[in-house]
C-alpha cells in the first residue's frame with residue numbers, strides 16, 4: 001500500500017472508467033489493477049497510454065492525491081431502481097456532497113469505498 005507521503009508527492013494515476021471496477025488503474029508492474037496497486041506519478045503522465053488510452057477516449061489521468069474512490073448509491077424515489085455514482089473524495093461525507101450536487105433531487109441510500117464493494 002502506498003504511504004500518505006507518496007500519495008501527496010505523487011498524486012497522479014492513470015485511470016480507465018470502462019475497465020472492471022477492480023481493474024481501473026494502471027500499474028507499470030502489473031497492468032490494470034485496483035487503486036492500491038496503481039503506479040503513482042509526480043507529474044501528469046504524458047505520451048502513450050496503455051491499451052484503451054486517450055486515443056479512443058477511454059483512459060486518462062486523474063490527480064487524486066490522497067483521495068479515495070467511493071460509490072454512492074442513489075435513486076429518484078424510494079420505489080425507483082438505485083444507481084451508482086462514482087467519485088474520488090476525501091471521505092464519505094465528501095462523496096455524498098458530490099453525489100447530491102450532481103443529482104440534487106435524488107435520494108442517497110448508501111456510500112462505500114469502491115474497493116470494499118462486492119459485485
Strands (runs of 3 or more DSSP E) lying entirely in segment 60-119 (those with 2 or more residues that are more than 19 Å from residue 20 (Cβ to Cβ)): 68-75, 107-113
Picking from 37, 52, 47, which residue would you name as being surrounded by 15 or more Cβ atoms within 10 Å (Cβ to Cβ) and modelled with pLDDT under 70? 52
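The values are calculated or read from the model by the stated rules, or taken from the named source; none is laboratory data. Predicted, not measured: the structure shown is a model, and the values here were computed from it. Methodologically, a virtual Cβ is constructed for each residue, glycine included, from the backbone with ideal geometry; neighbour enumeration extends over all protein chains shown.
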